[in-house]
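For reference, the structure is listed below as structure tokens.
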2 protein chains.
Amino acid sequence: MTSNAYKQSYGERAKRHSNPAAKQLLETMERKKTNLCVSVDTVMASDFLAIIDAIGPYTCLVKTHIDILEDFEYSIIERLEALAKKHDFLIFEDRKFADIGNTVALQYSAGVHKIAKWSHITNAHPVPGPSIVRGLASVGLPLQRGLLLLAEMSTAGTLAKDTYTEEAVAGQGSDEDFLILTPGVGLEEKGDGMGQQYRTPHEVVLDSGCDVIIVGRGIYGKNLADVDAIAARAERYMTEGWAAYLKRISS
Amino acid sequence: MTSNAYKQSYGERAKRHSNPAAKQLLETMERKKTNLCVSVDTVMASDFLAIIDAIGPYTCLVKTHIDILEDFEYSIIERLEALAKKHDFLIFEDRKFADIGNTVALQYSAGVHKIAKWSHITNAHPVPGPSIVRGLASVGLPLQRGLLLLAEMSTAGTLAKDTYTEEAVAGQGSDEDFLILTPGVGLEEKGDGMGQQYRTPHEVVLDSGCDVIIVGRGIYGKNLADVDAIAARAERYMTEGWAAYLKRISS
């Protein structure tokens, strides 16, 4: 993100943004007063949909790993889209595409999941070189989709650093308004024992210029059936994330 | 691969290899006299299965992108496994896992595709750091699966180079016998216009110490229904790949 964007409101940035998916997301954030993205990593569709219905009011974006749903069938997408409409959020399939152009174009458009058809935003590792962006753009641009490139990761020992990170962002216009989405956000936990490291909403929004905080297990927790507690935690993260944002733009 | 392995026969290496999937693959290569892996990237299951049945006799390994099959249902896996038994080859789902440990463990084991259940070998980008290997190992080791790490890629402008490549292989025992599988192998084409670059079997086996050549579009071509021509091309690549290997071990 440029230093310009750091101090601007989401609404102002929405007006000037050239990418339709980014524009729509910024507008949603401004309208709903939330910069919270909830990551819903459950393997049963019933939990998946119930949790999304519970956290929907507090989120601008729902992040999915559609390929972990054991009982996936395409009707689940239709129900997800109905929830997105009901609660006014966008969908982000966290696919982390990482193959050559020809392959990612097929993975994005085809198969049983048909990600490009319903996911407003997806992401990719820049490791294969520029062809991955060309391959995904051939599918996503006509549908006005957004693509996030992973220039860094929140895990211990990541190789996405130094020259990798520099090359990942090189060639992008320096005055462009990049939206920064940050996973690994938590209020209490320090890590998951599998390499994930957590930082607070305040740290990522103020110190790192993050625009959208991504929270997963910190919200849905271990008891997936307790949707009231899940909704309450989502509301708490929404409040914390928005307070950090207000502090940033008024600082 | 160590310089030791470069001159040794697949059969000798199979005897000493500690990884069950690598051992099984090396044994298959020696037994069938082929170091050809065929990549079958079709979106309809009928083409997918017919092509695999046609190239089965010439291949040690079939490489899949199971997530591009439009009409996937789990019975296709059962038919794939029956073909693997009939023709004596192993299966390699080219998933290119690239997420944090907790997520890849779910993506590998769960969802509709259940990759760990049927794919002898899969692969991952080391970009998230060591947690990705721990996450995949938690699922794959009990099933005696093999994991390939992508230290380099065959696309133009890849970021998998220099310190990235060095760090990807650092910490692995230098006397370990790594199997090297090389995609982007072609006899005629130079590239696909989407960043893929081709090298000949001779170049990759002799010059780069590759053990298994991976050929996709060079074998299945554009007319997916012409299985006789597809089988003939597979036989030609098998012959070329094996000749390069014999030249290498007798050089």
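Rule-based calculations on the coordinates, nothing more; no lab input. Computed from a predicted model, the values in this text were never measured in an experiment. With ideal geometry, Cβ positions are generated from the backbone for all residues, glycine too; neighbour counts draw on all protein chains shown.
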Within the range A:1-29, residues within 22 Å of residue A:168 (Cβ to Cβ), crowded, with 18+ Cβ neighbours inside 10 Å and small (Gly, Ala, Ser) come out as A:5, A:21, A:22
Of those in the range A:10-51 that are touching a Leu at 6+ places or on another chain (Cβ under 7 Å) and of a type in the set (Val, Ile, Thr), the residue nearest to residue A:69 (Cα to Cα) is A:43
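Regarding residue B:184, is this residue touching a Lys or Arg at 6+ places or on another chain (Cβ under 7 Å) and buried (at least 17 other Cβ atoms within 10 Å of the Cβ)?
Spelling it out, residue B:184 is indeed touching a Lys or Arg at 6+ places or on another chain (Cβ under 7 Å) and buried (at least 17 other Cβ atoms within 10 Å of the Cβ).
Select from the range B:201-233 the residues that are over 20 Å from residue A:102 (Cβ atoms), of a type in the set (Gly, Ala, Ser) and crowded, with 21+ Cβ neighbours inside 10 Å and list them in ascending order. Lay out the reasoning, then the answer.
Let us first name the residues in the range B:201-233 that are over 20 Å from residue A:102 (Cβ atoms), namely B:201-203, B:205-212, B:225-229, B:231-232.
Subset that is of a type in the set (Gly, Ala, Ser): B:208-209, B:225, B:229, B:231-232.
Hits for the range B:201-233: nothing passes.
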| Does residue A:205 meet the test of being more than 14 Å from every other protein chain (Cβ to nearest Cβ), closer than 27 Å to residue A:23 by Cα and either under 20 Å from the mean Cα position of the chain (by Cα) or not aromatic (Phe, Trp, Tyr) (or both)? | yes
Checked B:32, B:63 against criteria (crowded, with 18+ Cβ neighbours inside 10 Å, of a type in the set (Lys, Arg) and within 14 Å of another protein chain (Cβ to nearest Cβ)); the one match is B:63
In the set B:76, B:55, the lone residue that is in a helix (DSSP H, G or I), in contact (Cβ under 8 Å) with a residue 24 or more places away in the chain and within 14 Å of another protein chain (Cβ to nearest Cβ) is B:76
Checked pairs for the range A:123-136, first facing another protein chain (nearest Cβ under 7 Å), second crowded, with 23+ Cβ neighbours inside 10 Å and in a helix (DSSP H, G or I), C-beta under 6 Å and 6 or more apart or across chains, list as A:131/A:101; A:134/A:101; A:135/A:101; A:135/A:104; A:135/A:105
The lone condition residue B:168 fails out of (1) part of a helix (DSSP H, G or I); (2) in contact (Cβ under 8 Å) with a residue 40 or more places away in the chain; (3) among the small types (Gly, Ala, Ser); (4) more than 21 Å from residue A:103 (Cβ to Cβ) is (4)
Of the residues in the range A:199-251, those that are within 17 Å of residue A:48 (Cβ to Cβ), among the small types (Gly, Ala, Ser) and not in a helix (DSSP H, G or I) come to A:216, A:221, A:225
The condition of being of a type in the set (D, E, K, R), surrounded by fewer than 23 Cβ atoms within 10 Å (Cβ to Cβ) and either in contact with a His (Cβ under 6 Å, 6 or more places away or on another chain) or under 25 Å from residue A:38 (Cα atoms) (or both) holds, among A:161, A:117, only for A:117
